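The numbers here are math on the coordinates, done by the rules we state, and not lab data. Predicted model, so just to flag it, every value in this text is computed and none were measured. Please note: Cβ atoms are built from the backbone with ideal geometry, for glycine as well, and neighbour counts cover all protein chains shown.
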Amino acid sequence: MSSHWHSNPHIAIELPLKNRAAIRVFLSFACAYFISYAFRSINAVIAPDLISDLDLSNAQLGFLSAAYFFGFGVTQIPVGLGLDRFGPRLTEMALMMFAIAGALIFSLADGFTSLVIGRVLIGVGVSACLMASFSGFRYWFPSDRQAQLASGMLIFGTSGALVTSWPAHAVLPYLGWRGVFMVMAVFTGLAIITLYFGLPVKAKTPKSSATNNEAQSSTVSLSWASYRPILTNAFFWRMFPIGAFCYGGFIAIQTLWLGPWLTSVMEYSSSSAAQIIFWFNGVLLLTYVLNTALLPKLAKRGITTLRYLSWMVAAALIFQACAFYLRNSWVLVWWFLFAITCASFVLAQSLIVTNFPKAFSGRVSTTYNLALFIGAFLVQWGIGYLLDIGIEAGWSPASAFDLALGIYLALQILGYIWFLFAPKFFPGTAITEG
């Protein structure tokens, strides 16, 4: 098994996980994703300060946080093309420069508009952090390691959410939310340096040494028509609602609305809410660790990743309904059980990527990621919009949350029904489920 590196992303190199170079690649991607998730989650903790300092409404707060997903989403198709053409190293490094600019603009913002601009740029800047890793893993690691690696990435991502919960709340009195974003800009620069030295790069493989299929893949990656096999694939559309409504909606709750729900509905102090968010993300992180060890063992027993995902999504729907509406002494237990079950949502992404040929890995991962962040944007902004409608109508915050979260839960249930009963083939499907 070769240990040489190639900059041509269409040359598949499978490295055992124990290989030092493979570990270096994984950690380089993981550090960048840590920063990405920290940016995604920070608004859940600084929300009270933003509302106080800049007099934001719930709808504005929701839109502001969702602006990250807008910036993230609009770049997914170009990112997919970039990953398949230029590889993950160059694509991710170039984009993360936008995150530095966005963090600096956000830290200096004096109004809602400049906050949104900064947040959009941050979303653009970190838009390749997870998908670049999936694309790289598809080429540099065996197929049977993909789900395990995906869970491993989420361990580092959730660590970013942990750091931006209670620890970030603890330093807010000293740095303020502006200082926090200054620090995050510095760490983004360090992540870029890590990618530069940690990911492989060499001269492109000569054309004479590439197969005809590889040459064709390189050409196809430049064409927008190359998305046709993805968008006509039955398995892609079967998994679509899991990404858009379940995973995307969960991100909206985790990264923003869990905090306001705890303070407005359960009447916890902001400090207590930050601690609960910390433990929620801690449970999530431990579940990702468990999944990395559990999934290979389940596979040996004949339990596929797809079957495991279907079980966990069903359980997640039940536990979040309990968390939303059974507001008693068990409420935190329901939230933690929700965290355990929704940790499986990321597996949908690795399933999608491995369902297609390696030459499609960048485009497939980013196209599906676009679905995920469309859902996250709509849920995050939509909950804030519905909260304002309810409160303006004279409802209590608890009743307004009940309405917003009920609609969100209904969308997930419909999406899960589609996942279970969707047709296995569409007319014109170019790549089947296999």
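Structural remarks
- Nitroxide proxy distance, nm - points 7 Å out along Cα→Cβ at residue 318 and residue 225: 5.0 nm
- Of 40, 301, 138, the one that fluctuates the most in a GNM where the chain has Cα springs shorter than 10 Å: 301
- Anisotropy class of the range 268-319 from Cα gyration tensor, a/c 1.5 cut: oblate
- Every pair of different Cα atoms in the range 281-434 enters the Kirkwood calculation, which places the hydrodynamic radius at 17.8 Å.
- Most fluctuating residue given options 353, 183, 283, as computed from a GNM of the chain linking Cα atoms under 10 Å: 183
- Theoretical gain in end-to-end length, residue 286 to residue 391 [0.36 nm per residue, Cα-Cα removed]: 34.1 nm
- The Rg/Rh ratio for the range 42-100 is 1.16, where Rg is the radius of gyration of the alpha carbons and Rh is the Kirkwood radius.
- Rg and Dmax over the alpha-carbon atoms of the chain stand at 21.1, 72 Å.
- Under a model in which nothing but the beta-carbon of Lys, Arg (+1) and Asp, Glu (-1) is charged, the chain shows a dipole of about 1760 debye around its Cα centre.
- In the chain, helices alone account for a calculated mean residue ellipticity at 222 nm of -24500 deg cm²/dmol, with every DSSP H run of four or more residues adding -39,500 (n - 2.57).
- Across the chain, Cα pairs under 8 Å and at least six residues apart give a relative contact order of 28 percent.
- Multiplying the residue separation of residue 57 and residue 266 by 0.36 nm and removing their Cα-Cα distance gives an extension gain of 73.3 nm.
- Overall form of the range 114-200: prolate. Here a/c, set by the Cα gyration tensor axes a ≥ b ≥ c, is 1.5 or more, and a/b is the larger of a/b and b/c.
- Exposure proxy shown here: for 383, 77, the number of other Cβ atoms within 10 Å sets the order, fewest to most, as 77, 383.
- Summary value for the range 44-148: 33 percent relative contact order, contacts being C-alpha pairs under 8 angstrom separated by 6+ residues.
- Toward the positive end of the charge dipole of the range 18-130, with +1 on the Cβ of Lys and Arg and -1 on the Cβ of Asp and Glu, the farthest Cα among 70, 54, 116 is that of 70.
- Across q = 0.11, 0.12, 0.20 Å⁻¹, the range 80-154 modelled as identical point scatterers on its alpha-carbon atoms has Debye log10 I(q)/I(0) values of -0.37, -0.42, -0.81, in the order of the q list.
- The range 318-387 - percent relative contact order, Cα under 8 Å, separation 6 or more: 19 percent
- Listed peptides 344-352, 227-235 appear in the order 344-352, 227-235 once ranked by packing, highest mean of other Cβ atoms within 10 Å at the front.
- Of 65, 329, 271, the one that fluctuates the most in a GNM where the chain has Cα springs shorter than 10 Å: 329
- Surrounding net charge for residue 111, when Lys and Arg each add one and Asp and Glu each subtract one, Cβ distance under 12 Å: -3
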